[in-house]
Amino acid sequence: MRIEQVADASEGSSRAAELFALLSSADPGAPLGLATGATMQGLYARLTTQGFRPRCSDIFLLDEYVGLAEQSPYSFAEEIRKRFSDPLGFQGHTHVPGQGPYAGPDGNARFEQILAERGPLSVQLLGIGTNGHIAFNEPGSPADSRTREVVLAQETLTANARHFPEGFVLPTRATTQGLATIAQASTLLLLAFGPSKHEALRSGLSTVSTDHPLSALVDHPGLIIITDADLGN
Ligand code: GLP
């Protein structure tokens with residue numbers, strides 16, 4: 001594990017874009033693992049301005065809400081289309097947990113199978129929730145968890161409501177890659193900026209427990225954390 005401390009989200013997003021491009025260039029044909037949320041927006045914007053062009057045929061999303069309309073503007077798939085695929089000219093296959101060929105009773109097993117066949121991912125982007133969730137692996141998620149449908153924690157629903165219009169009834173369930181699924185990637189690039197994430201980061205790094213999903217990944221040799229938290233204290 002490597003921790004890079006930066007001054008703020010802006011510097012961190014620039015560093016993350018530089019590392020993402022470098023890590024993906026190690027094996028340009030290897031699929032990429034993409035995350036969503038406010039933290040990733042600065043990174044994707046910098047990849048766009050830097051003219052990054054993905055050369056892989058497949059990208060995999062970490063997670064997706066259950067029950068949103070197919071073309072909902074609030075889905076993670078739409079967010080990736082808007083912030084990554086369209087601006088970067090990606091025209092390959094976008095694999096979304098729980099959606100399309102991965103819906104239905106065997107969908108999660110199929111997602112895991114395709115990921116195993118096309119992978120490993122050269123780099124998997126990760127954020128962290130204020131309650132410590134990784135993707136939608138909420139506190140209590142086992143380290144050996146795989147792609148599955150989960151019930152979202154109230155803290156997650158409260159935090160994510162900002163990405164929806166006032167009064168929108170948020171989905172309470174999602175399909176997420178599991179922690180063991182995520183750990184299959186060659187490198188994990190985790191971004192955590194702002195005081196609301198510092199405690200979750202510190203807990204995940206200091207206490208091995210299912211209460212802190214990050215702790216399942218701290219022994220991953222390719223884990224790189226970029227944060228404005230001062231973890232020295
Ligand atoms: C979302 C996503 C996570 C993301 C986290 C933080 O619910 N499932 O993948 O890392 O919450 O999001 P944000 O960057 O908007 O704080």
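Along the axis of the charge dipole computed for the stretch 14-107 (Cβ charges of +1 for Lys and Arg, -1 for Asp and Glu, origin at the Cα centre), the listed residues Ala69, Gly37, Pro101 are led at the positive end by Gly37.
For His95, the amide hydrogen comes within under 5 Å of the amide hydrogens of Ile59, Phe60, Leu61, counting only partners 5 or more places away or on other chains and with H modelled in the peptide plane. For Glu4, the residues whose modelled amide H falls within less than 5 Å of its own, excluding neighbours fewer than 5 places apart on the same chain, are Ile225, Ile226, Thr227.
Please compute one quarter of the surface area of the Cα convex hull for the stretch 174-233 and express it in square nanometres.
On the way: hull surface 18.6 nm².
Reported value for the Cα convex hull: 4.7 nm².
With bins 5 Å wide starting at 0, give me the P(r) of the stretch 73-126 over every alpha carbon pair, in whole percents. Distribution as computed: 5, 16, 21, 27, 21, 8, 1 percent.
Sum up the charges of everything whose Cβ sits under 14 Å from the Cβ of Ala183, counting Lys and Arg as +1 and Asp and Glu as -1, but leave Ala183 out. Charge balance in the 14 Å sphere: -2.
Counted by Cβ distance under 9 Å from Val6, the other residues give a net charge of -3, where Lys and Arg count +1 and Asp and Glu count -1.
Averaging Cα coordinates gives a centre for the stretch 59-75 and one for the stretch 189-215; these two points are 25 Å apart.
Kindly state, as a whole number, the per residue volume in cubic angstrom of the convex hull around the alpha carbon atoms of the chain. Please list the in-between numbers first.
On the way: hull volume 26.7 nm³, N = 233.
Value for the chain: 115 Å³ per residue.
Per residue, the convex hull spanned by the alpha carbons of the stretch 17-122 comes to 92 Å³.
Taking all pairs of distinct Cα atoms, average 1/r, flip it, and tell me the Kirkwood hydrodynamic radius of the stretch 101-161 in Å to one decimal place. Let's see the in-between values first.
Values: mean 1/r = 0.0751 Å⁻¹.
In the stretch 101-161 this quantity evaluates to 13.3 Å.
Using the Cα gyration tensor of the stretch 131-233, with a ≥ b ≥ c the square roots of its eigenvalues, what is the shape: rounded (a/c below 1.5), prolate (a/b larger than b/c) or oblate (neither)? Mind dumping the intermediate values first?
Working: a/c = 1.92, a/b = 1.27, b/c = 1.51.
Judged from the Cα gyration tensor, the stretch 131-233 comes out oblate (a/c at least 1.5, b/c at or above a/b).
Quick one: length gained pulling Leu22 to Val218 fully straight, 0.36 nm per residue minus the C-alpha distance? The partial results should precede the final answer.
Working: separation 196, 0.36 × 196 = 70.56 nm, distance 2.16 nm.
Full extension of this stretch gives 68.4 nm more.
Could you point to the residue in Phe111, Phe90, Ala143 farthest towards the positive end of the chain's charge dipole, with +1 and -1 charges on the Cβ of Lys/Arg and Asp/Glu respectively? Toward the positive end, the furthest listed residue is Phe90. Among beta bridges identified by DSSP and lying wholly in the chain, the antiparallel ones come to about 30 percent.
Whenever you get a sec, compute what percent of the accessible area on the chain sits on carbon and sulfur atoms (1.4 Å probe). Write down the numbers at each step before the final one.
Details: 5130 of 10160 Å².
In the chain, the share of accessible area belonging to carbon and sulfur is 50 percent.
Suppose R0 equals 45 Å. What FRET efficiency, 1/(1 + (r/R0)^6) with r the Cβ-Cβ distance, do Asp106 and Ala7 give to the nearest 0.05?
So the FRET efficiency works out to roughly 0.45.
Distance distribution note for the stretch 30-87: the fraction of Cα pairs above 15 angstrom is 51%.
Taking only protein heavy atoms and a 1.4 Å probe, what accessible area per residue, in Å², does the chain have with all protein chains in place? Numbers along the way, then the final one.
Values: 10160 Å² over 233 residues.
Ligands and nucleic acids excluded, the result is 44 Å² per residue.
Taking amide H as placed 1.01 Å from N in the peptide plane, Ala35 has its amide H under 5 Å from the amide H of Leu125, each at least 5 places away in sequence or on another chain.
The values are calculated or read from the model by the stated rules, or taken from the named source; none is laboratory data. Since this is a predicted model, take the numbers as computed values, not measurements. Here Cβ is always computed from backbone atoms with ideal geometry, including for glycine, and neighbour counts include all displayed protein chains. With ligands, DNA and RNA removed, areas are computed over all heavy atoms of the protein, side chains included. Shrake-Rupley method; radii C 1.70, N 1.55, O 1.52, S 1.80 Å.
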